[in-house]
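Comments concern the structure below.
Each value in this text was obtained by applying a stated rule to the coordinates, not by laboratory testing. Every value quoted in this text rests on a predicted model; they were computed, and no experiment measured them. With ideal geometry, Cβ positions are generated from the backbone for all residues, glycine too; neighbour counts draw on all protein chains shown.
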Amino acid sequence: MSLAEPLLKFVLKCKLSMNADATSSTDNTAFRNQPFMNAAIVNNILLETRENLAKEIPEINKQMSIYLQNKTTQNILFKPVIRKINRALEEAK
């Protein structure tokens, strides 16, 4: 499982729904009324992603430190992961 899998799946659902709405209607009411757009569901997705990150990142850092002693190198290798998560958060807005 990906660190941010719930968030990435949510963003994909949003994109697919918006594309479908764009071809069928001119307003966003159909998109807003989708079941996955319920505030409680979105909140749960964000909380689940946050919990996954909080649980897994320390383990990933621990594993990286076994093979990479240099913290700068670890940060460089971890940057694409952070960028992907940030991009997904931006898209979710």
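Tabulated results
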| quantity | calculated |
| --- | --- |
| Residue pairs, from the table LYS15/LYS71; LYS9/LYS62; LYS55/LYS79; LYS13/LYS62, whose Cα atoms sit over 29 Å apart | LYS15/LYS71; LYS13/LYS62 |
| Correct option for mean projected area of the Cα convex hull in nm² [calculated from the coordinates] among (i) 6.8; (ii) 5.4; (iii) 14.6 | (i) |
| Cβ charges +1 (Lys, Arg) and -1 (Asp, Glu), total dipole of the chain, debye | 300 debye |
| Cβ crowding within 10 Å averaged over residues, with 2-9, 70-77 ranked highest first | 2-9, 70-77 |
| MRE, 222 nm, helices only [DSSP H, n ≥ 4, -39500 (n - 2.57), over the chain, to nearest 500] | -27500 deg cm²/dmol |
